[in-house]
Each structure stands twice: as structure tokens, then as C-alpha cells.
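What follows is a short report on a single structure.
The values are calculated or read from the model by the stated rules, or taken from the named source; none is laboratory data. Keep in mind that this is a model prediction, so the values were computed, not measured. Note that we place each Cβ from the backbone using ideal geometry, even for glycine, and neighbour counts take in every protein chain shown.
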Amino acid sequence: MNKVKNKYLTIILQIRDKHEYTFRWLDYAYDQNCPFQIYIADGSRNSKVKKYIINKNLHHRLKIEYKKTDYDINWKTYCSKISFALNNIKTSYILIADNDDFYNFKNVEKCIHYLNQNSDYVSCGGNTVNFCILDGNVQGNKVQFKKQNKQSFINNNLFENVKLYLSNASGGPYYYVHRRIIYKDGWRKNINLNFLNPRMTEIFMELYILSSGKVNVLPLNFYYRQYGEGIGNSVGLSNNFIEEVFRFNWYNDVNNIFDIISKKISKLNNSKVNIIKSELFDYFKVFLRPWLINSIDLTGKSLEAKKARRLMIKNAIKYGYLNNVYVFIRAIKSNLIQFFFSGKKGIDDIKILSEFLKNHKN
């Protein structure tokens, strides 16, 4: 067994079934000589992953700690699983990984180095590269890549960073490298809040991280996230945001989140909690707009879908007279982006992942 080259970080690979993606993730980590400890919290129905690790002799190159937990029947069970993992991990940093996505391990090391050198930063990441396999799900010859530039949160006033997060559509630091102690404390509070769905946990954890310290994004490719048909969460969360609001207790959940974050910020800024909370709600309205728009059915044949399309077209013409130019430019950018973004290193990263996806076999 090879020794772990980087003892600072543990990757928590959170899985529930979808074994073909887990096998692919592990094969990629093996091929790329992942230098970190890997903690597998397996909430699947069976132990196929454990057998795969043994049969493929992955321990020869990878430092894997495998734990079979109770089946992730709901979000509460999942949260307990991650809490169990955090209580057993001793490294300074942790990183949460989904089994259908990938990390650039060399750039993860750069994030660790940055955090080691900057104690006032609690998390560090890089840009996201979204990819879609056009001729398959787990493996394919045709892979499309789209780069997503991420936002740093480096204001010394942490409240300003929180407001920037709520008003910025580029996403937050959930999948970055985090200081374990801070992330563990936030996760303990997440357990106590007893959310019923993952979206609330992600919102709370990102706000908790941002109200705990600064977050930097390095100008490099860090996280490769797969999208497309058949790709998504494994916890039964609806993609219909409006439906989700009615299914879960959004009103109480959001209030509980802002109570904690407002009190946390109040201690830092010496400001009144109710004033901070009121301002957070104003920014949260902006935060929700993209989800509300994306939850509207614009492709169906129902009367509601037709009305929604007419309304959207009317507003696009009324408020966006350059929309056609924008769409044309985006189309060109989509076709050329994999050749030009991030310089030669970015292209090399894509070639590595493309070749892996092309040749991968379970």
C-alpha cells in the first residue's frame, strides 16, 4: 500500500447506490494517484462498493477508509452519516465529494497550501467545469465542457461576503476545501436544525462558512461537475422549486437559518440582530429568483406552459432588445470554450478527463 502523500485533507465520498458512478470515481482516483485519504460513507442498500475496492485491489494505491452505514432512507439519516464521518476524521481539512463528479487533485493541493498560509481563510476552491456526456452517462466519446467562473469572498467584513453570496448566481463554497473544525461545528448545528431536504443544508452550510471567515477562489480548474439527463441528486429532491417549497417547511427553515447567521454576524459587527436578519431576507429574495424562473414549465404542451412562454417572451422583448445578440454570442462561446478557456493547463485537464471517460469500463 502506498503512503498518503498529503496528510492534511480527507475526501468524504458520500454515496447512496448509483454504484457505476462510484466505481468510475474510484477508478479515476486510482488512475490519478489521489494523494489524499478517502473516507467512504456508504449509505447504499448493499456493500457492492466494498467488494469492488477489494476485487480491484484499490488499497494498493489509495488510502481508503470504508464505512457501511444505515441506508439513506431520508435526509436526516444522510446527515447523521456525514456527522459520523466528521467525528472519525482527524485531518485539518475535509472536502465533500459526489460520486458523479471529479476533482483536479493537483489543484486541490494548491488550495490546501493556500489555507496553510492564510489562517483568516476558512475555505478555498477554484473554478467549476461542468461537463455532459452526449453519448452516454457513465462513459462516452462525446463530452461537452462548460467553464463556470466562481466568486471569491475576501472582504474583511464577513457580512459583506454573505450579502455577495446571496446576490451572486455563481454559487457558493459547499464543494471547496474546508477547515474541518469549522465545518464540523456547522454540521452539528445543521443536525440540530433537522432539515428535511438537502437544499436547506447546503444553504445553511454555505452561509455558516461565509460567516466564519473568508473564502478564496484560485484561478484554476478545480471541480468537474457532470450534468445531463439521468444526472442529479440521489435523495429524491424535486427539480421543481415551487413544488419543493410546498413539500418542505421552507418558512421555518429559512427563519431558523437566518436566526443563527444573524446572531453570528451580530457578534462580529456589533450590530442589532433584527436589522441584520431583515437585510438578509431582502438579499434572499434576489437569491431565489433564478430558482423560481427555472421551476416554471416553459417546454410542456399544457395551457400553463403556453402562458408561461408567452409571458417570458413578452418580457424578453420588452426588457431585452439585445437578447438575440446575447444568444448568438453564447452559442459561439459554447462551441469554442473547451479550446480556449484557462490556457494550456485547462485544455490538458479536459483532455485527461475526456480520455478517462472515453476508455472507462466498469
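Residue by residue, here is whether (1) at pLDDT below 80; (2) farther than 22 Å from LYS150 by Cβ; (3) more than 29 Å from the chain's Cα centre (by Cα); (4) assigned to a helix (DSSP H, G or I) holds:
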| residue | (1), (2), (3), (4) |
| --- | --- |
| PHE246 | yes, yes, no, yes |
| ILE293 | yes, no, no, yes |
| ILE296 | yes, yes, no, no |
| ASN335 | yes, yes, no, yes |
| LYS344 | yes, no, no, yes |
- [ ] Evaluate region 51-59: report whether one residue or more is surrounded by 14 or more Cβ atoms within 10 Å (Cβ to Cβ), in contact (Cβ under 8 Å) with a residue 24 or more places away in the chain and within 16 Å of the chain's Cα centre (by Cα).
- [x] no
TODO: Go through region 175-209 and count every residue that is touching a helix residue (DSSP H, G or I) at 6+ places or on another chain (Cβ under 9 Å) and part of a helix (DSSP H, G or I).
DONE: 23
Task: Output for region 113-145, where each listed residue is small (Gly, Ala, Ser) and modelled with pLDDT of 95 or more - done: SER119, SER123, GLY125, GLY126
TODO: Report those helices (runs of 4 or more DSSP H) wholly inside region 3-99 carrying at least 3 residues which are more than 21 Å from GLU206 (Cα to Cα) and aliphatic (A, V, I, L, M).
DONE: 48-55
- [ ] Of the numbered conditions (1) surrounded by fewer than 21 Cβ atoms within 10 Å (Cβ to Cβ); (2) at pLDDT below 95, GLY172 fails exactly one; give the number of that condition.
- [x] (1)
Open item on the list: Pairs please, first residue from region 274-294 and over 14 Å from VAL254 (Cβ atoms), second anywhere and of a type outside the set (Val, Ile, Thr) and not in a helix (DSSP H, G or I), Cβ atoms under 8 Å, 6+ apart in sequence or on different chains.
Closed with: PRO290/ALA169
- [ ] Note down all Cβ pairs under 9 Å where the first residue falls in region 109-138 and is in contact (Cβ under 8 Å) with a residue 24 or more places away in the chain and hydrophobic (A, V, I, L, M, F, W, C), the second is in a strand (DSSP E or B) and exposed (fewer than 15 other Cβ atoms within 10 Å of the Cβ), and they're at least six residues apart or on different chains.
- [x] VAL129/GLN148
